[in-house]
Amino acid sequence: MIAGKKLLVVSAHAADYVWRSAGTIAHYIKCGADVQIVCLSFGIRGESNDLWKKGGQTEESVKAIRKAETLKAAEILGVKNNIEFWDLEDYCMNLTPEIYDRMVLKIREIRPDIIITHDKFDILNPDHNHVSEMVYSCSIMSNSSGISAGNTKVTKQMKLFGFEPHQTEISNFKPGSYIDITDSYEQKLAAMQCFQAQNHLIKYYTDRAFLRGNHARRISGNPDIKYAECFANFFPIVGNELY
């Protein structure tokens, strides 16, 4: 059951969550879940090359463009006001103990059933690797009674999933879970179109949704799946049956 679930998505840069999980986000919202997004940075230094190539840009102008893009994308997905920006500097992101503490507090405040963030290794983006390690660590820290975070209570272990990285094969990514996004694919496509700062990625992730849909269709035997997203599982799945 998706209805009533709480989902926290932690994105290193302004567009990461859209390329890699927009269909899942929109699907969960359609099914009655509460989805909240934390964007740690706008990707000004390392993920806005198309803007810088135009010339005449400043950090403030690039930030304004990236923020407008991601807010528009979030609205298309149905996130509305459940997105916040920590405005950290990217490339390379300095995740201090204070940022760790802030993330623990956020996890305890939201108390998510599921966290989606970057997978453990992205060969060409150290920011993604640093964020993955932080979110994983903070998800564990939030369960510890010995760690205080305001007046919040400790959590129980939530499920944790990793985005598929852009350099999939050479980042040693192993798909663990596939999500059928056929019902939300058009929203994903419209959200991706918002990011003209990274226009070159739109076709890549359009093709990727089709490819993963083929995998999901074959693995599940469900002929109605056309598009999918996949994620790495940080933890084994536990239950009273194999699924």
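Bear in mind these aren't lab numbers, they're just calculated from the coordinates by the rules spelled out. Everything quoted here is computed from the prediction, not taken from an experiment. Note that we place each Cβ from the backbone using ideal geometry, even for glycine, and neighbour counts take in every protein chain shown.
Quick notes
- Some residue of the stretch 149-166 being assigned to a helix (DSSP H, G or I), without any contact (Cβ under 8 Å) to a residue 12 or more places away in the chain and over 16 Å from the mean Cα position of the chain (by Cα): no
- Residue satisfying condition, being closer than 20 Å to residue 37 by Cα and aromatic (Phe, Trp, Tyr), within set 178, 227, 204, 185: 185
- Residue 41 meets all of the listed conditions (1) free of Cβ contacts under 8 Å to residues at least 60 places away in the same chain; (2) assigned to a loop (DSSP other than H, G, I, E, B); (3) among the small types (Gly, Ala, Ser) but one, namely (1).
- Taken over the stretch 44-88, the criterion of being under 17 Å from residue 135 (Cα atoms), part of a loop (DSSP other than H, G, I, E, B) and either touching a Pro at 6+ places or on another chain (Cβ under 6 Å) or not hydrophobic (A, V, I, L, M, F, W, C) (or both) is satisfied by 87 alone.
- Near pairs, Cβ below 6 angstrom, 6+ apart or cross-chain, from the stretch 224-243 (within 19 Å of residue 164 (Cβ to Cβ)) to any residue that is β-branched (Val, Ile, Thr) and in a loop (DSSP other than H, G, I, E, B): 227/181; 228/181; 229/181
- Counting only residues that are surrounded by fewer than 24 Cβ atoms within 10 Å (Cβ to Cβ) and part of a loop (DSSP other than H, G, I, E, B), the stretch 1-38 holds 8 of them.
- Counted residues, the stretch 203-217 - those being farther than 17 Å from residue 169 by Cβ, crowded, with 16+ Cβ neighbours inside 10 Å and charged (D, E, K, R): 1
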